[in-house]
Amino acid sequence: MPRARSRLSRLAPRAVLFAALLMGTAGCTNNAFTRLGMLPPATKQGQVTVTLWQGSWIAAFAVGAVVWGLIIWACIFHRKRSDDLPPSRQLTCCTLNWVMTPPSTV
């Protein structure tokens with residue numbers, strides 16, 4: 001028999017979505033937020049610098065999202081499934097080469 005979901009678990013996603021929608025459509029006119037910490041530009045070249053600065057922040061957020069997505073994916077799909085130990089392998093020539101070559105070069 002399926003367990004009934006609590007009222008909080010049903011309303012929480014809707015509340016989060018509503019809060020995100022409200023903040024996204026608030027229409028803030030504060031330019032300090034859109035400059036992402038950079039001082040106001042005084043010249044035409046300063047405006048180009050602000051645009052480059054904003055682009056670098058967008059790229060950083062995109063890379064961060066990809067990295068966090070891969071971390072979460074690895075945690076979910078490579079979790080321990082059982083208490084059985086993996087089969088042991090014999091030391092091969094390739095393994096010995098990878099282990100012994102770096103110390104011998106030093």
Failed item, numbered, when Leu22 is tested on (1) surrounded by 10 or more Cβ atoms within 10 Å (Cβ to Cβ); (2) at pLDDT 80 or above; (3) not aromatic (Phe, Trp, Tyr): (1)
Boolean, Ser104 is at pLDDT below 80 and assigned to a helix (DSSP H, G or I): yes
Flag for Val63 being part of a helix (DSSP H, G or I), among the β-branched types (Val, Ile, Thr), surrounded by 10 or more Cβ atoms within 10 Å (Cβ to Cβ) and modelled with pLDDT under 90: no
Boolean, Thr95 is assigned to a helix (DSSP H, G or I) and either modelled with pLDDT under 85 or of a type in the set (Asp, Glu) (or both): yes
Every residue from the range 67-97 that is surrounded by 10 or more Cβ atoms within 10 Å (Cβ to Cβ) and either under 30 Å from Leu36 (Cα atoms) or of a type in the set (Phe, Trp, Tyr) (or both): Val67, Trp68, Gly69, Leu70, Ile71, Ile72, Trp73
Residue selected from the range 25-47 under the condition in a helix (DSSP H, G or I) and at pLDDT 85 or above, by the criterion farthest from Ile58 (Cα to Cα): Lys44
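The values are calculated or read from the model by the stated rules, or taken from the named source; none is laboratory data. Given the structure is predicted, the values throughout are model-derived calculations rather than measurements. No Cβ is skipped: glycine too gets one built from the backbone with ideal geometry, and neighbour counts run over all protein chains shown.
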